[in-house]
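Contents: one structure, followed by commentary.
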Amino acid sequence: MGALYCILSAASFGAMAFFGKLAFGAGVSLDALLLVRFGMAAFVLLIVATGRGIWWRFSLRGVLIGLAMG
(Lines give C-alpha, C1' and ligand atoms only; values in the text may rest on other atoms or scores of the structure.)
Protein backbone atom coordinates (compact mmCIF):
# COMPACT_ATOMS: atom_id res chain seq x y z
CA MET A 1 0.00 0.00 0.00
CA GLY A 2 2.95 2.31 0.66
CA ALA A 3 4.13 2.06 -2.94
CA LEU A 4 0.69 3.11 -4.15
CA TYR A 5 0.78 6.15 -1.87
CA CYS A 6 4.25 7.02 -3.15
CA ILE A 7 3.11 6.84 -6.78
CA LEU A 8 -0.02 8.86 -6.00
CA SER A 9 2.07 11.49 -4.24
CA ALA A 10 4.53 11.75 -7.14
CA ALA A 11 1.71 12.05 -9.69
CA SER A 12 -0.02 14.73 -7.62
CA PHE A 13 3.21 16.69 -7.22
CA GLY A 14 3.80 16.54 -10.96
CA ALA A 15 0.26 17.66 -11.75
CA MET A 16 0.54 20.60 -9.35
CA ALA A 17 2.47 22.73 -11.85
CA PHE A 18 -0.03 21.97 -14.61
CA PHE A 19 -3.01 22.98 -12.49
CA GLY A 20 -1.14 26.02 -11.17
CA LYS A 21 -0.59 27.28 -14.71
CA LEU A 22 -4.26 26.74 -15.52
CA ALA A 23 -5.30 28.62 -12.39
CA PHE A 24 -2.96 31.53 -13.07
CA GLY A 25 -4.21 31.64 -16.66
CA ALA A 26 -7.76 31.93 -15.33
CA GLY A 27 -6.76 34.88 -13.17
CA VAL A 28 -6.52 33.20 -9.77
CA SER A 29 -4.20 35.01 -7.37
CA LEU A 30 -1.34 33.26 -5.60
CA ASP A 31 -2.96 33.81 -2.21
CA ALA A 32 -6.23 32.23 -3.30
CA LEU A 33 -4.45 29.30 -4.93
CA LEU A 34 -2.42 28.57 -1.79
CA LEU A 35 -5.48 28.93 0.42
CA VAL A 36 -7.38 26.35 -1.61
CA ARG A 37 -4.39 24.04 -1.89
CA PHE A 38 -3.61 23.91 1.81
CA GLY A 39 -7.28 23.92 2.76
CA MET A 40 -7.86 20.83 0.65
CA ALA A 41 -4.77 19.18 2.15
CA ALA A 42 -6.01 19.88 5.68
CA PHE A 43 -9.44 18.48 4.82
CA VAL A 44 -7.96 15.28 3.39
CA LEU A 45 -5.70 14.91 6.43
CA LEU A 46 -8.70 15.34 8.72
CA ILE A 47 -10.64 12.67 6.81
CA VAL A 48 -7.72 10.23 6.99
CA ALA A 49 -7.14 10.92 10.70
CA THR A 50 -10.83 10.48 11.45
CA GLY A 51 -11.00 7.28 9.43
CA ARG A 52 -8.05 5.83 11.32
CA GLY A 53 -9.39 7.04 14.66
CA ILE A 54 -6.32 9.05 15.62
CA TRP A 55 -7.54 12.65 15.49
CA TRP A 56 -8.61 12.62 19.12
CA ARG A 57 -5.07 11.80 20.34
CA PHE A 58 -3.86 15.35 19.74
CA SER A 59 -3.99 17.68 22.72
CA LEU A 60 -5.33 21.20 22.30
CA ARG A 61 -1.91 22.54 23.30
CA GLY A 62 -0.21 20.47 20.60
CA VAL A 63 -2.67 21.64 17.96
CA LEU A 64 -2.24 25.28 18.94
CA ILE A 65 1.55 24.98 18.86
CA GLY A 66 1.36 23.36 15.42
CA LEU A 67 -0.91 26.11 14.13
CA ALA A 68 1.38 28.80 15.55
CA MET A 69 4.34 27.20 13.76
CA GLY A 70 2.49 27.43 10.46
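The values are calculated or read from the model by the stated rules, or taken from the named source; none is laboratory data. These numbers come from a predicted model, not from an experiment. Heads up: the accessible areas ignore ligands, DNA and RNA and are worked out on the full protein's heavy atoms, side chains in. Shrake-Rupley method; radii C 1.70, N 1.55, O 1.52, S 1.80 Å.
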*Quick one: what are the phi-derived ³J(HN,Hα) couplings along segment 19-34, Karplus 6.51/-1.76/1.60 with θ = phi - 60°, whole Hz, x for glycine and proline?*
5, x, 5, 4, 5, 5, x, 8, x, 6, 7, 4, 4, 5, 5, 5
_I'd like the Karplus ³J(HN,Hα) series for segment 56-63: coefficients 6.51, -1.76, 1.60, θ = phi - 60°, whole numbers in Hz, and an x wherever there's a Gly or Pro._
6, 6, 7, 6, 4, 4, x, 5
*Roughly how compact is segment 25-64, stated as its Cα Rg over 2.2 N^0.38 Å to two decimals?*
1.59
*Find the accessible area per residue for the chain; the probe is 1.4 Å, ligands and nucleic acids are left out, and the unit is Å².*
90 Å²
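Using a ≥ b ≥ c from the Cα gyration tensor of the chain (square roots of the eigenvalues), is it rounded, prolate or oblate, where a/c under 1.5 gives rounded and otherwise the larger of a/b and b/c decides, a/b for prolate?
Values: a/c = 2.98, a/b = 1.41, b/c = 2.12.
Since a/c reaches 1.5 but b/c is at least a/b, the shape of the chain is classed as oblate.
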_In whole percent, and with a 1.4 Å probe on the protein chains, what portion of the accessible area of the chain is carbon and sulfur?_
77 percent
